[in-house]
């Protein structure tokens, strides 16, 4: 009798295990394909800027390609820390993405403490655009080339001032890199945003500035600013007569800003790969490429692995500049 009871219990146990296994199988089979609901794209800046514009453009096209809503949520503040921290703490399921820029890798070099580690808590999905920066001078100065700028700077010590959107900004880092290689003193004057620099630059209280072509274009056209050199590896089609700093004798001063998409670490690789592939397809669309070019940027496609390697190499590169120039934000 005891043997019979043991047999019955074993049979019930096996049956229960089989039902559970079937249930697990059915649950996986019924799991909807990504994306099955709206995807939030966090932009860590105010609406209307270049990061916001490209994020909205790409998100709209992703929605068409992947069949789900991609919507923007702006979370500006603390040099992208507010938006970045929010995404770093989000569920790693592919439904919360972050559009980011060089501050993503610069912040750990500039701040003694952050509420997140961008290279551990977040992982790369796709690059969207490289953003060549442009060095301009006030048009009242007798400076028409990089050589003129160096000569003027050496002849006027402590008179070459440049403004940027803040300590540790991309423009600040590129300015210090150029100063190191050119052998001239550039005095950095930080502002709260690039637009805030313009009145002093146009009014002659600053001599130079490094930022995007989109910001400078109207003033160059009006003859108030003079374009001297691009910081990227290539000349820009919009201004083919303006050389690069590399062409002007400074091959080690090649530096772009950029826009990329990241997501919380531990997001399933299949989700990351699907997103990356879709972003790559979007960036190949002629109309998207034209609009990005109109913003003064260059579409750039990278795989997730390539993007993460890019983050590593850029971190190592700018770490040397930050240490050499003692740049800190507290």
Of all residues in region 183-218, count the ones that are in a helix (DSSP H, G or I), closer than 16 Å to residue 296 by Cα and touching a residue at least 60 places away in the same chain (Cβ under 8 Å). 4
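Any chance you could count how many residues in region 167-187 are touching a strand residue (DSSP E or B) at 6+ places or on another chain (Cβ under 6 Å) and either buried (at least 17 other Cβ atoms within 10 Å of the Cβ) or in the same structural domain as residue 110 (by TED's automatic domain parsing) (or both)? Talk me through it step by step, then tell me what you get.
Just the residues of region 167-187 that are touching a strand residue (DSSP E or B) at 6+ places or on another chain (Cβ under 6 Å), to begin with: 167, 170-172, 174-175, 186-187.
Keeping just the survivors that are either buried (at least 17 other Cβ atoms within 10 Å of the Cβ) or in the same structural domain as residue 110 (by TED's automatic domain parsing) (or both) gives 170-172, 174-175, 186.
Summing the residues that are touching a strand residue (DSSP E or B) at 6+ places or on another chain (Cβ under 6 Å) and either buried (at least 17 other Cβ atoms within 10 Å of the Cβ) or in the same structural domain as residue 110 (by TED's automatic domain parsing) (or both) in region 167-187 gives 6.
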How many of the residues making up region 52-72 are in contact with a strand residue (DSSP E or B) (Cβ under 7 Å, 6 or more places away or on another chain), at pLDDT 95 or above and either assigned to a helix (DSSP H, G or I) or buried (at least 19 other Cβ atoms within 10 Å of the Cβ) (or both)? 8
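Just one of 301, 272, 292, 261 is in contact with a strand residue (DSSP E or B) (Cβ under 9 Å, 6 or more places away or on another chain), surrounded by 15 or more Cβ atoms within 10 Å (Cβ to Cβ) and part of a loop (DSSP other than H, G, I, E, B); which is it? Explain how you work it out, then say what you get.
Numbers: 272 fails: part of a loop (DSSP other than H, G, I, E, B); 292 fails: part of a loop (DSSP other than H, G, I, E, B); 261 fails: part of a loop (DSSP other than H, G, I, E, B).
Testing whether each residue is in contact with a strand residue (DSSP E or B) (Cβ under 9 Å, 6 or more places away or on another chain), surrounded by 15 or more Cβ atoms within 10 Å (Cβ to Cβ) and part of a loop (DSSP other than H, G, I, E, B) leaves just 301.
Collect the residues in region 240-258 that are buried (at least 17 other Cβ atoms within 10 Å of the Cβ) and over 19 Å from residue 313 (Cβ atoms), keeping them in residue-number order.
Within region 240-258, the subset buried (at least 17 other Cβ atoms within 10 Å of the Cβ) is 242-246, 248, 250, 253-258.
The answer is 242, 243, 244, 245, 248, 250.
The values are calculated or read from the model by the stated rules, or taken from the named source; none is laboratory data. Note that this is a predicted model, so its numbers are computed, not measured. Cβ coordinates were reconstructed from backbone atoms using ideal geometry, including for glycine residues, and neighbour counts include every protein chain displayed.
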